[in-house]
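Heads up: the structure comes next, in structure tokens.
Nothing in this text is a laboratory measurement; each read-out follows from the coordinates by a stated rule. All of these numbers come straight from a predicted model, not from anything done at the bench. Here the Cβ positions follow ideal geometry from the backbone for every residue, glycine too, while neighbour counts run over all protein chains shown.
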Amino acid sequence: MKAYFGRRYLVSASHRLHAEALTAEENRAAYGKCNNAHGHGHNYFVEVLVGGAVDPATGMVVDLVALDRTVDERILQRFDHTNLNLDTLFADRVPTTENFCQAIFDLLRDALPAGELEYVRVEETENNFFECWARG
């Protein structure tokens, strides 16, 4: 039987939604106030869900301390209190929260201490959230 463990993290970061391939007018139409030349920030809540067999010795799907260390090294140290536009992952793509969510998923997918990454969910505001799932 597969079990799941989920954990939430806080990442504070800024970004400007702006596509070089679009004109200034097209950028304003596509991104509205998020195209502000000075950018804007969010306190993103990042949820990570790990699935797998429960280890009979520990009774856990994944060691919480090891998971926290992995997320800290791969995600928090890299993105917390940064401008996403300046990260190399966004050199060729707009740092929308959809792309940010995919980047987090990709950075964690093969780095977990145990289990399999089922999904990453990024909550941008109380009304907006984004998810990337392992299945399609």
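If you filter region 29-68 down to residues that are within 25 Å of residue 94 (Cα to Cα) and small (Gly, Ala, Ser), you find that the one that is nearest to the chain's Cα centre (by Cα) is 41.
Collect the residues in region 4-23 that are of a type in the set (Gly, Ala, Ser), surrounded by 10 or more Cβ atoms within 10 Å (Cβ to Cβ) and more than 30 Å from residue 62 (Cα to Cα), keeping them in residue-number order. Result: 14, 19.
Consider residue 8 carefully, then state whether it is outside any loop (DSSP other than H, G, I, E, B), touching an Asp or Glu at 6+ places or on another chain (Cβ under 7 Å) and of a type in the set (D, E, K, R). Yes.
Taking residue 47, is it assigned to a strand (DSSP E or B), surrounded by fewer than 18 Cβ atoms within 10 Å (Cβ to Cβ) and touching a residue at least 24 places away in the same chain (Cβ under 8 Å)? The answer is yes for residue 47. Screening residue 122 against (1) under 30 Å from residue 23 (Cα atoms); (2) outside any strand (DSSP E or B); (3) under 14 Å from the mean Cα position of the chain (by Cα) leaves a single unmet condition, (2).
Taken across region 104-112, residues that are among the basic types (Lys, Arg) and either more than 22 Å from residue 124 (Cα to Cα) or loosely packed, with under 15 Cβ neighbours inside 10 Å (or both) do occur, with at least one present.
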